[in-house]
1. Check S119, S169, S128 and return the single one that is under 30 Å from T294 (Cα atoms) and out of contact with any Leu (no Cβ under 7 Å at 6 or more places or on another chain).
2. Being outside any strand (DSSP E or B) and surrounded by fewer than 18 Cβ atoms within 10 Å (Cβ to Cβ) narrows it down to one of N195, N137, N222, so name that one.
3. How many of the residues making up region 315-330 are surrounded by 12 or more Cβ atoms within 10 Å (Cβ to Cβ) and either in a helix (DSSP H, G or I) or modelled with pLDDT of 90 or more (or both)?
4. In region 115-124, is there at least one residue being surrounded by 12 or more Cβ atoms within 10 Å (Cβ to Cβ) and either modelled with pLDDT of 90 or more or in contact with a Cys (Cβ under 9 Å, 6 or more places away or on another chain) (or both)?
5. If the Cβ limit is 7 Å and pairs must be 6+ apart or interchain, which residue in region 311-331 that is under 18 Å from E139 (Cα atoms) pairs with which residue that is basic (K, R) and loosely packed, with under 14 Cβ neighbours inside 10 Å?
6. Examine region 144-163 for a residue that is among the polar types (S, T, N, Q), modelled with pLDDT of 95 or more and surrounded by 11 or more Cβ atoms within 10 Å (Cβ to Cβ), and state whether such a residue exists.
7. Against the definition (modelled with pLDDT under 90 and among the polar types (S, T, N, Q)), how does T234 come out, yes or no?
8. Considering only residues that are exposed (fewer than 12 other Cβ atoms within 10 Å of the Cβ) and either under 24 Å from N327 (Cα atoms) or acidic (D, E) (or both), which ones fall in region 74-114?
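The values are calculated or read from the model by the stated rules, or taken from the named source; none is laboratory data. All figures in this text were calculated on a predicted structure; none of them were measured in a lab. Backbone-built Cβ (ideal geometry, glycine too); neighbour counts: all protein chains shown.
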Amino acid sequence: MGLFDPTQLAGASNIIDAGSSGFNTLSNIGGAVAAGLASGDIASAIRAVNLPSAGEAIGDTLQSIAAFKGDPHPNDWRVRLSMSTWPSFSTSAVLKPLTDAGGLIFPYTPKINIHGAASYTPVSPVHSNYQFHAYRNSEPGKIVINAPMFVEDTTQGLYWIAMVHYLRSLTKMFAGTDPKAGNPPPIVFLNGYGNYVFKNIPVVVTSMNVELDNNCDYIGVNVVGSAAGAVEGTADGISGLASSVGGLFDAGSTASGIFSGISTIASGVGQVSALAGTFGLGGTTSGGVTHVPTKTTFSVTLQPIYSRNSARNFSLDRFVQGGYLNNSFGYI
C-alpha cells in the first residue's frame, strides 16, 4: 500500500475541523473600536476597523485564473482585496481573519495613486515643421496603495499577521508539489470607494513592502498555525538532514543508502501533508508567539491585468456610458 490513501481523507475530514480554533474577528475588533472611540484615543486615526463577516468566495484557481463572488457588501466603500479561492488560501488557519472579513480590507483609509497613460509614436515626415503623433496603445497603469495600520490588541495583531502573510503569498507562484505547480500567482479583485472608482478590478500584486518601525511598541500575539504545515516542515527538515549526512559517505555505501531512504520517506510524508492541507485537513496547532508592531505602513503595488480576449471585446462607448459597472470584473 502506498504512503497516501485518498479514501482516508473523507474520514479524516469528519474528525478534523481546521477552522474550529479561529477567532471572531468582527465582534472583537468592533469592541476594541467602540472602546477606543469612547475614550477618544483613536477617534482621529480610525475610519472603520470593524470588519463585517462575509461568505467565502466560490471557484478555483485554474491555470492562474481566479474566480470570485461579487462584492458581498455593495454599500461598503472601504478598499478591499478579495481572497483567492484556491483551497490552501481559503482553509489557511493563518489567513482566517481575512476569510472571516471577506477579504483583505484596509482598516484605515489608505493613500492610493492611480495612473493611466496613452502612448503615441512620433512620425517625422521630411520637410515638415511639425511632427505627427500616431496613437499606439493605452495602459491602465499600476495602482499604488500606502495604507497605515494600527494594532491595539491580539485580534488586530492576528489580522496584521494575516495581511502580511496574504500579500507575501500573492507574490509567489505555484511550485514544487503544488497541484497547480507552474502556474503564476493568483489574480485577485480590487474594490473600493464605490462603483465608479474600483469595482471588481482584476489585479496581481507586483510588490509589497511593510516597514517594521523601531520607534513603536510591539504586541505579542499567539498564532494558530496549520498542523499539516508543521508536519510538512518537519519532514522537510528530516529530508535535508538525511541528504547532508548521507553525502558524507560513499555513494555505494550502506550508510548512504539508509540516509537516502530516510530522505525519500520524509519527502513522501511532506507531500501527503501538503495535499492534506490543500483539502483543509490536518487541524491546527500553536504557532508560537509573534510580535507585531503597533503602527505600520503597508505599501502595495497592484497591476490591473486583463486577458487578450477581454481586451479585444472592450468597448469605449460602453465604458463611457458606465456599462461595465456590474460586470464580474471591471475596467479601469
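1. S169
2. Only one candidate passes the filter, namely N195.
3. 2
4. Yes, the conditions are met somewhere in region 115-124.
5. Y324/R318
6. In the first step, residues of region 144-163 are kept if they are among the polar types (S, T, N, Q); the result is 146, 154-156.
Among the residues that remain, those that are also modelled with pLDDT of 95 or more are: 146.
Narrowing the set further to residues that are surrounded by 11 or more Cβ atoms within 10 Å (Cβ to Cβ) leaves 146.
Checking region 144-163: at least one residue is among the polar types (S, T, N, Q), modelled with pLDDT of 95 or more and surrounded by 11 or more Cβ atoms within 10 Å (Cβ to Cβ).
7. In short, yes.
8. Across region 74-114, the qualifying residues are P74, N75, N113.
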